[in-house]
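The values are calculated or read from the model by the stated rules, or taken from the named source; none is laboratory data. Worth saying up front: this structure is predicted, and the values here are computed from it rather than measured. Cβ sites come from the backbone with ideal geometry, for glycine too, and all protein chains shown count toward neighbours. The area values use the complete protein model at the heavy-atom level, side chains included, leaving out ligands, DNA and RNA. Shrake-Rupley method; radii C 1.70, N 1.55, O 1.52, S 1.80 Å.
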Amino acid sequence: MMSDKYWLNIRRRWYVIGVALITCHLSLITSSCTQDAYDKGEGRYSQMVAEMADGYTAADGRVTTFVTDADERFTVSNPFTSKLMPKADTVYRAVFYYNKVEQGAEVIGLDRVGVITPRSISDMKTDPVRLESVWLARSHRYLNLSVWLMLGATDDEEAVQKIGCHRDTLMVNADGTSTLHLRLYHDQADVPQYYSARTYMSIPLTEAEADSVALTINTYDGLIEKRFAIR
């Protein structure tokens, strides 16, 4: 079963971990964030690939396989456990950083991706975000987002940002095709806006039952709509 929630709760300490991982090439398997041979194009990271994928944990909790957005399945040559994928026999969404090897893929690191399932939200909030990019997975199973959220330290334990996806309307177009309209839900929740941090999200499209999707996002530069054909 895919490990996902309707809401992606954003707490400051979660992002502190995330930023640290990015600084260290998101290395969860190795102990060092530097590589002398990297600058020469000969190091461990010189052939590294980064892709969003569904990662599978085995009965012992180790990540053993992952399937990329291009439907390419890899066996992990160095099975590992991760706090970002804590449960056994579970599917997690993540950005995998890996080298292709003869045995499959040597995973160097990963970054967790939040899965936000479209649903009807009555108390809709659209606080702005900084949009970096939106793209359709080559498998058409997901709509992927990279956004920057404003964060800041606070003593208020109730101040937790929430990200979600509102399932709006299913419209029939003039040519007979249908478009599912979605809106990004974002509640800043009184979290101070001192600095920004990137987060990755994926919206499942397997139950969209439409020919295309249109996602509306409120940004600091105004409303942006992105459309993608999915059938």
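Odds and ends about this structure:
- Just one residue in the set Thr75, Thr64 is among the hydroxyl-bearing types (Ser, Thr, Tyr), out of contact with any His (no Cβ under 7 Å at 6 or more places or on another chain) and in contact (Cβ under 8 Å) with a residue 24 or more places away in the chain; that residue is Thr75.
- As a summary of the residue check, Ala88 satisfies the conditions (1) aliphatic (A, V, I, L, M); (2) open to solvent by 20 Å² or more (accessible area, probe 1.4 Å); (3) within 24 Å of Leu205 (Cβ to Cβ) except for the one numbered (3).
- Some residue of the range 158-172 being modelled with pLDDT of 95 or more, exposed (fewer than 15 other Cβ atoms within 10 Å of the Cβ), more than 28 Å from Glu72 (Cα to Cα) and of a type in the set (D, E, K, R): no
- Residue match in the range 111-124 (condition: surrounded by 15 or more Cβ atoms within 10 Å (Cβ to Cβ), assigned to a strand (DSSP E or B) and either aromatic (Phe, Trp, Tyr) or more than 15 Å from the chain's Cα centre (by Cα) (or both)): no
- Candidates Thr75, Thr57, Thr65 - the one that is under 20 Å from the mean Cα position of the chain (by Cα), on the phi < 0 side of the Ramachandran plot, surrounded by fewer than 19 Cβ atoms within 10 Å (Cβ to Cβ) and hydroxyl-bearing (Ser, Thr, Tyr): Thr65
- So Arg227, is it free of Cβ contacts under 8 Å to residues at least 60 places away in the same chain, open to solvent by 50 Å² or more (accessible area, probe 1.4 Å) and basic (Lys, Arg): yes
- Meets criteria (buried (at least 18 other Cβ atoms within 10 Å of the Cβ), in contact with a helix residue (DSSP H, G or I) (Cβ under 9 Å, 6 or more places away or on another chain) and either closer than 28 Å to Val67 by Cβ or among the charged types (D, E, K, R) (or both)) for Thr179: no
- Any pair with Cβ under 9 angstrom, 6 or more apart, that starts in the range 178-205 at a residue that is without any contact (Cβ under 8 Å) to a residue 40 or more places away in the chain and on the phi > 0 side of the Ramachandran plot and ends at one that is in a strand (DSSP E or B) and surrounded by 20 or more Cβ atoms within 10 Å (Cβ to Cβ): Ala189/Ile10; Ala189/Gln161
- Hits in the range 182-216 - residues which are surrounded by fewer than 21 Cβ atoms within 10 Å (Cβ to Cβ), among the hydroxyl-bearing types (Ser, Thr, Tyr) and closer than 27 Å to Thr169 by Cβ: Tyr200, Thr206, Ser212, Thr216
- Enumerated strands (runs of 3 or more DSSP E) restricted to the range 139-231, each holding at least 3 residues that are within 18 Å of the chain's Cα centre (by Cα): 142-151, 161-172, 178-187, 195-204, 212-219
- Failed item in (1) exposed (fewer than 14 other Cβ atoms within 10 Å of the Cβ); (2) among the hydroxyl-bearing types (Ser, Thr, Tyr); (3) more than 17 Å from Thr199 (Cβ to Cβ), with Ser133 passing the rest: (3)
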